[in-house]
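Since the structure comes first, as structure tokens, the remarks are kept for the end.
Any read-out appearing in this document is the output of simple, stated calculations on the displayed coordinates, not a laboratory observation. Quick caveat, the model's predicted, so the values are computed rather than measured. Ideal geometry is used to build each Cβ from the backbone, glycine not excepted, and the neighbour counts take in all protein chains shown.
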Amino acid sequence: MNRKIRDAIPTDLPAIVEIYNASIPGRMATADLEPVSVESRQTWFTMHSPERDRPIWILEIEDKIAGWLSFQSFYGRPAYHQTVELSIYVSPSYQGQGIGQDLLKRAIVHSPQLGITSLLAFIFAHNLPSLKLFAKYDFQQWGYLPGIAQLDGKTRDLVILGRKVES
């Protein structure tokens, strides 16, 4: 299969939103409880560009978008510019095929070129597949927020994982 990772372009936004929305019912990967619209994500998309050192990457298989990764500035203050939060979402039809792994490996390798020295991931404690993925790439627990989320009447914990990257 032909796999390729590239920068997202505006015409990718509907597929990005579709993949994101597919994750909401499972209550594992996002704290959103209702689907988001393409329009509501337009500003978010615009803020992520290679020129801003906060890209969104698309992983395509045979010209179909299988997953995506975004770099999000942490806390919005200048002193934290070298720290980002990573988000990875994979289409349900491509899960278990190493999409998240390929995207995460690329993020680690390319972070120094983006001026990034610290990577963060905010993952629900019950999302074992994501916790295992990030642990495989030497992310360590840097924080734990017990009972911070309410998902369908269940209290959920949030794990903050982090990793330094070499320049």
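Counting only DSSP beta bridges whose two residues both lie in the chain, roughly 90 percent are antiparallel.
The spread of Cα positions in region 3-117, taken along each principal axis and listed from longest to shortest, comes to 38, 30, 26 Å.
Of all DSSP bridge pairs formed entirely within region 74-167, close to 85 percent run antiparallel. Of the chymotrypsin sites (Phe, Trp or Tyr not before Pro) in region 79-167, the ones in a loop by DSSP (not H, G, I, E or B) with at most 15 other beta carbons within 10 Å are 137.
Listed by chain and number, the lysines whose alpha-carbon sits under 19 Å from that of residue 64, ignoring those within fewer than 8 places in the same chain, are 4. Here region 3-117 is assigned +1 on the Cβ of each Lys and Arg and -1 on the Cβ of each Asp and Glu. Its dipole about the Cα centre then comes out at about 320 debye.
In order along region 151-159, the Karplus-derived 3J(HN,Hα) couplings, from 6.51 cos²θ - 1.76 cosθ + 1.60 at θ = phi - 60°, round to 10, 6, x, 9, 7, 10, 9, 10, 9 Hz, and Gly and Pro are given as x.
Using a cutoff of 8 angstrom between alpha carbon atoms and counting only pairs six or more residues apart, the relative contact order for the chain works out to 19 percent. The amide H of residue 66, built 1.01 Å from its N in the peptide plane, has 59, 60, 61 as neighbours under 5 Å, considering only residues 5 or more places off or on other chains.
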